[in-house]
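Undergrad: This is the structure I want to talk about, given as structure tokens.
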Amino acid sequence: MKRFLTPADLGDLRKALEDAKSVKNNPYADQALGRNKTLLLIFFNSSLRTRLSSQRAGFNLGMNVIVLDINNDGWKLETEFGVVMDGDKPEHIREAVPVMGQYCDIIGVRSFARFESKEDDYSEKILNQFIELSGKPVISLESATRHPLQAFADLITIEEYKTKPRPKVVLTWAPHPRALPQAVPNSFVEWMKIADVDLVVTHPEGYDLAPEFMEGVTYEPNQQKAFEGADFIYAKNWASFNQYGQILSKDRSWTVDEAKMALTNNAKFMHCLPVRRNMIVTDGVIESPNSIVVQEAANRVVSAQVVLKRMLQTIAEAYD
Ligand code: CP
């Protein structure tokens with residue numbers, strides 16, 4: 001495995017879920033695989049879970065881990081081509097990335113949508129520089145359009161908590177004071193579409209996700225109707241795709257509350273975190289026994305470890 005951006009990079013999802021179970025049951029079984037191997041984690045944006053869970057996954061596999069907060073600890077990077085670099089950015093990404101590749105065996109990158117240009121974001125302008133120039137396997141730690149480690153952890157969590165073979169899973173938009181990227185809902189939809197679940201997406205008018213993600217997905221404009229009989233409620237805010245990066249609504253009637261959860265089949269509540277209480281979800285719902293947000297976050301170590309293990313196996317095979 002040389003990159004991890006989409007579920008297709010994992011191949012058979014059933015097998016990946018079996019691997020997740022085995023990693024969770026025996027997290028230190030593959031310590032020898034990562035010996036003398038270095039994981040470099042590059043963050044263009046803030047993180048709690050991704051940063052700590054990826055480090056922990058690397059440690060579990062016996063790896064050395066280096067973390068770089070590029071905005072605060074590195075030179076400010078120029079990412080445009082053909083510019084005269086007479087401003088405040090002393091280093092170009094096209095030198096910085098191949099240099100970073102010299103110091104590691106696997107590289108993880110977090111680079112959110114900037115909302116300056118839909119074309120730049122949806123062509124993954126920053127992440128693709130790492131794929132093209134680092135010379136190393138690349139893991140998305142949330143890029144402009146996808147958050148695959150989160151979606152894989154979400155699927156692992158649904159597998160653990162489902163009470164029927166094919167649960168109803170509802171992705172609901174919820175209000176937020178700031179414009180947030182579509183990476184989490186895009187990946188969630190992308191993964192759930194191919195999982196053994198019945199997926200329903202609900203959001204206010206104007207919040208359609210990109211067509212390539214929504215193709216073939218059931219959309220229900222009425223949030224309460226969508227919640228009926230649901231086994232899992234996955235809440236998330238995102239900014240508009242069509243009116244790119246804009247906030248069209250802060251309507252708190254979309255907040256997930258106890259009355260809406262009562263319409264479900266005793267659904268579990270999920271969110272990738274961090275979450276704004278009483279905007280996205282009420283205190284009562286997130287504090288309830290049906291909230292599995294912490295268990296979901298715990299599975300971020302598992303998803304990262306499965307991916308790292310496969311990359312380390314690919315590296316080991318190359319030297320066989
Ligand atoms: N869910 C998630 O990716 O959390 P962080 O932004 O804290 O890494």
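The values are calculated or read from the model by the stated rules, or taken from the named source; none is laboratory data. These numbers were taken from a predicted model, which means no experiment stands behind them. Note that we place each Cβ from the backbone using ideal geometry, even for glycine, and neighbour counts take in every protein chain shown. The protein model used for the area step is the full one, side chains on, heavy atoms only, and it has no ligands, DNA or RNA in it. Shrake-Rupley method; radii C 1.70, N 1.55, O 1.52, S 1.80 Å.
Undergrad: Any idea which of Pro181, Gln295, Pro274 is furthest toward the positive side of the dipole for the stretch 149-297, if Lys and Arg beta-carbons carry +1 and Asp and Glu beta-carbons -1?
TA: Pro274
Undergrad: With a 1.4 Å probe and all protein chains left in place, how much of the accessible area of the stretch 149-297 comes from carbon and sulfur atoms, in whole percent? Before the final figure, lay out the partial values.
TA: Values: 2810 of 5860 Å².
Carbon and sulfur atoms account for 48 percent of the accessible area of the stretch 149-297.
Undergrad: If the elastic network links every pair of Cα atoms under 10 Å, which of Trp75, Trp238, Trp191 fluctuates the most in the Gaussian network model of the chain?
TA: Checking each option, the largest mean-square fluctuation is seen for Trp75.
Undergrad: What shape does the stretch 210-256 take by its C-alpha gyration tensor, where a ≥ b ≥ c are the square roots of the eigenvalues and a/c under 1.5 counts as rounded, a/b above b/c as prolate, and the rest as oblate?
TA: Working: a/c = 2.27, a/b = 1.23, b/c = 1.84.
Taking the square roots of the gyration eigenvalues as a ≥ b ≥ c, the stretch 210-256 is oblate.
Undergrad: Same structure, new question: Charges at C-beta only: +1 for Lys and Arg, -1 for Asp and Glu. How large is the resulting dipole of the stretch 149-297 about its Cα centre, in Debye rounded to 20?
TA: Working: 14 positive and 19 negative charges, 57 e Å.
Magnitude of the dipole: close to 280 debye.
Undergrad: Quick check on my link table: of Lys136/Lys236; Lys164/Lys309; Lys2/Lys168; Lys2/Lys37; Lys24/Lys309, which ones sit more than 23 Å apart, alpha carbon to alpha carbon? Walk me through the numbers on the way to the answer.
TA: On the way: Lys136/Lys236 32 Å; Lys164/Lys309 30 Å; Lys2/Lys168 33 Å; Lys2/Lys37 15 Å; Lys24/Lys309 13 Å.
The answer is Lys136/Lys236; Lys164/Lys309; Lys2/Lys168.
Undergrad: Using alpha carbons only, how many angstrom separate the centre of the stretch 146-186 from the centre of the stretch 191-229?
TA: The two parts, judged by their Cα centres, are 11 Å apart.
Undergrad: Measuring with a 1.4 Å probe in the full set of protein chains, what accessible area per residue, in whole Å², belongs to the stretch 103-193?
TA: Working: 2860 Å² over 91 residues.
Per-residue accessible area for the stretch 103-193 comes out at 31 Å².
Undergrad: Output the Kirkwood hydrodynamic radius of the chain, Cα pairs only, in Å rounded to one decimal. Mind showing how you got there, number by number?
TA: On the way: mean 1/r = 0.0493 Å⁻¹.
This gives a value of 20.3 Å.
Undergrad: Assigning unit charges at the beta carbon (Lys, Arg +1; Asp, Glu -1) and nothing else, what dipole magnitude in debye, to the nearest 20, does the chain show about its Cα centre? Don't skip to the end; give the middle numbers.
TA: Working: 37 positive and 42 negative charges, 163 e Å.
With Lys and Arg at +1 and Asp and Glu at -1, about 780 debye.
Undergrad: Which three extents, in angstrom, do the Cα atoms of the stretch 149-297 have along their principal axes, listed largest first?
TA: Here the Cα extents, ordered largest to smallest, are 39, 32, 28 Å.
Undergrad: Using a Gaussian network model on the chain with a 10 Å cutoff between Cα atoms, which of Lys89, Lys162, Lys268 fluctuates the most?
TA: Lys89
Undergrad: 222 nm [θ] for the chain, helices only, -39500 (n - 2.57) per DSSP H run of 4+, per residue, to 500?
TA: Per the formula, -10500 deg cm²/dmol.
Undergrad: Using the membrane-span-like helix rule (whole DSSP H runs, Cα extent along the own axis of at least 24 Å, mean Kyte-Doolittle hydropathy at least -1.0), which helices of the chain qualify?
TA: On the way: long enough: 293-318 (38 Å, 0.49).
The answer, listed by residue number, is 293-318.
Undergrad: Picking from Thr202, Thr163, Thr172, which is most flexible by a Gaussian network model of the chain using Cα springs under 10 Å?
TA: Highest fluctuation of the listed residues: Thr163.
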